[in-house]
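Just so it is clear, none of the values below were taken in a lab; they were calculated from the coordinates. All figures in this text were calculated on a predicted structure; none of them were measured in a lab. Cβ coordinates were reconstructed from backbone atoms using ideal geometry, including for glycine residues, and neighbour counts include every protein chain displayed.
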Amino acid sequence: MRGPDEWDGRGRPGGPGARPRIPAPRPAAEDHGPLPGLPPVPHAVPGRFPDRAPSHDVPAECESDDDPVTGDETGPRHPPPTAPSHKVLKSLLGAWALSACSPEETAAVEEHLTDCAACAQEALRLRDAVALLHPADSLDLDPLLRSRVLEGCLGRRPARIPVPQWATPFDAEAAKLDALLRDMGEAEWRAPVRLRWFDGREPVERGSTVGGVIGHLMAVDGMVATALGLPDPLGTDAPEQPGPRRRTEAYWRAQGGQHDPRAPHDPWREQSRALVRTVSFAGGGSAELPVPYGKFDLSLRDAFLDRAFETWVHAGDIAEAVDYPYKPPAAGHLHLLVDLAARLLPTTLAQRRQAGLAAPPQQLVAAGAPGRSLHLEVEGNGGGDWYIALDSPGAVGSPEGVVAQIALDSDEFCQLAAGHISPEETAAGQQGERAAIREVLFAAAALSRL
């Protein structure tokens, strides 16, 4: 045996001070291309092919004893694989109940359950236990989580300066939209968004982006801000005549060269918070403050509900553009929004008559007789019953003068009021005067605007 001094420096014997040679790992044959085809292994069969001998490369127990001509078995084959023991199969019942077994294990366990009553009973108990486990939840937060948390907190400790009830829908919808925007990347901010409304005669569409829609909301919310004495987000670019469409067009023109689509996010959020904070400190006396909307005015109470409705509608447009689920407002908030639309229907109907888009009102048959009314029945969350005066915008509808009735779902009514579906497409239950029903459906669609 050689000593350490008898190996050279390259690991070969003979060098002084060399270390023993450690062979390097050999590369696998399949690393250099496919394996070459192997010739068939000859088999020795008594009485045939005497010049061939049994192959010594294959173990004797792996050689086939079939007759090469007839295919008949002349010797024993491999024994079939043995089934797992009862103990092993019983240990797999938990994994089987959780659907965590491999296909082979599953087949073996299920075959065993047909023969073993004890294991079958145990398997049923385990399956029942699995059914009691909590199902997997979505990682997305519930949009109503904020409202429920605030409601629980305020129930335990009321706010020192509470938010007026008519401002809570806007506060909640602005917070939901803000949460959606926080999860979006720059590419999603540039996603195309379809803005749809009904111009009084037919549906209208206009393309924008997520950033453009947020700028539109900020520009229209600015009408409420200026009425409260807050800064106008348009600044010197504000048009002389108020109105949602004029202000939106002015904002889009001023931001035509803006390269960052997320630029309006922070100003819109801060303005929304300032609006809620201001009316909270102002108290209930500010509810009737007039807010100019161009051709008409709304009270501050109704203006906040209008802004909540449009925030929800455009948040749904954005969620649709980026393929994100979005839920409607809470039932109590949705009822306030439906109530606003129902209260605006007589005024909108009168404006359509002035524009020649609806038939003139009918004269009363006798003095003091109740005017004609339409019974609007909205079903589902936020629903209720309203009686729409048909002949005078200042009159109050009553059950005594009902000449027609419309019944539809709350979501469908809101989509109609938002201009997302046309009056002809509304699947409403209808009864009574056909002309009155048509006029009210078109008036509901005319509530929408850019």
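Could you point to the residue in LEU150, GLN165, LEU177 farthest towards the positive end of segment 143-184's charge dipole, with +1 and -1 charges on the Cβ of Lys/Arg and Asp/Glu respectively?
It is LEU150, whose Cα lies furthest towards the positive end.
Using Cα positions and a limit of under 26 Å, work out the lysines in reach of LYS90, with same-chain residues fewer than 8 apart set aside.
Qualifying lysines at Cα under 26 Å: none.
Which lysines have a Cα lying under 26 Å from the Cα of LYS327, excluding residues fewer than 8 positions away in the same chain?
LYS176
Near TRP197, within a Cβ-to-Cβ distance under 13 Å, what is the net charge of the other residues, with Lys and Arg +1 and Asp and Glu -1?
Details: positive: ARG194, ARG196, ARG201, ARG206, ARG245, ARG449; negative: ASP199, GLU202, GLU205, GLU310, ASP317.
Net charge around TRP197: +1.
What does the charge count around LEU89 come to, taking other residues whose C-beta lies under 14 Å from its C-beta (Lys +1, Arg +1, Asp -1, Glu -1)? Don't skip to the answer; put the middle values down first.
Details: positive: LYS87, LYS90; negative: GLU104, GLU105, GLU110, GLU111, ASP115, GLU122.
That sum, taken over residues with Cβ under 14 Å, equals -4.
I want the local charge near ALA227. Using Cβ-Cβ distances under 14 Å, sum +1 for each Lys or Arg and -1 for each Asp or Glu among the other residues. Intermediate values should be presented prior to the final figure.
Working: positive: ARG247, ARG301, ARG307; negative: ASP221, ASP232, GLU288, ASP297, ASP302, ASP306.
Summing Lys/Arg as +1 and Asp/Glu as -1 gives -3.
Neighbour counts of other C-beta atoms within 10 Å: give me VAL130, VAL322 arranged from fewest to most. Before the final figure, lay out each step's value.
Values: VAL130 12, VAL322 17.
Fewest to most other Cβ atoms nearby, the residues stand as VAL130, VAL322.
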